[in-house]
Amino acid sequence: MAIPQTAAAKETGLTFEKVWEMFQEMSRETDRRMKETDRQMKEMSQETDRKLQESARQIEETARRMKETDKRVGELTNRYGEISEHMIVPNLISSFNTLGYTFTKSGPNTKIEDFEHKLFTEADAFLENGDCVMVVEIKTKLRTKDIDEHIRRMEKFRVHADLHGDKRKYYGAIAGLLVSESEKAYALKKGFYLLQPVGEKFTITTPTGRGAPKAW
């Protein structure tokens, strides 16, 4: 039995079979496009994964190179530190004695390890006589935080001296291979002597101003 056609269908020449065929064609086209979209999305996902993996590999390689660079810089810094200590420490007494200190005793790597009072610190060089002490810190590249740390070091030496009845004055000095003008000004402002290598020797800049050099 044939399906009755409406007046509009008769006018356009459409039949149920034609409409059904058109619907099926549209469905097939939609399915094809969805599959194509899925394929493109999968390719994009794979490409994204590949790029992420490549980025991760590059980040890992960069981190490895930075770690290697840090290691080499550390080795170079230690080597400079050794050179500066060998160059500066043996000449400290004679150099400071020209400034009127008359130190008679010196020692490298002086440590305080007071477990009873929880007091711990150390200095690269320690000069002394019966009246005063010079605590010297040596750095390859002097930074502001090194100067602040030396202030805390001086305070600990002062506390340790008081605990042991040492009434001598404690002065501070900082030696640096690389010192910017701002760090130099800051160190001198804090009352420290500043030691800087010149050729095979070094110069000592005396802090100026009220209360300089500072005595702890």
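The values are calculated or read from the model by the stated rules, or taken from the named source; none is laboratory data. Remember, predicted model here, so these are calculated numbers, not experimental data. In this analysis, Cβ positions are derived from the backbone assuming ideal geometry, glycine residues included, and neighbour counts consider all displayed protein chains.
Within the option set 95, 106, being surrounded by 15 or more Cβ atoms within 10 Å (Cβ to Cβ), not hydrophobic (A, V, I, L, M, F, W, C) and not in a strand (DSSP E or B) holds for one residue only, 95. Taking residues in the stretch 98-110 that are in contact (Cβ under 8 Å) with a residue 12 or more places away in the chain, and partners anywhere that are small (Gly, Ala, Ser), the pairs with Cβ atoms closer than 6 Å and at least 6 places apart or on different chains are 108/125; 110/123. On inspection, residue 73 does not qualify as within 30 Å of residue 193 (Cβ to Cβ), modelled with pLDDT of 85 or more and either out of contact with any Pro (no Cβ under 6 Å at 6 or more places or on another chain) or exposed (fewer than 15 other Cβ atoms within 10 Å of the Cβ) (or both). Suppose the filter is touching a residue at least 24 places away in the same chain (Cβ under 8 Å), outside any helix (DSSP H, G or I) and not small (Gly, Ala, Ser); does residue 186 pass it? Taking the combined requirement at face value, the residue does not satisfy it.
Looking across 137, 149, one residue alone is free of Cβ contacts under 8 Å to residues at least 40 places away in the same chain, of a type in the set (Asp, Glu) and part of a strand (DSSP E or B). It is 137. Among what's in the stretch 194-216 and is in contact (Cβ under 8 Å) with a residue 40 or more places away in the chain and under 27 Å from the mean Cα position of the chain (by Cα), pick the residue that is surrounded by the fewest Cβ atoms within 10 Å (Cβ to Cβ). For the stretch 194-216, the residue satisfying everything is 197.
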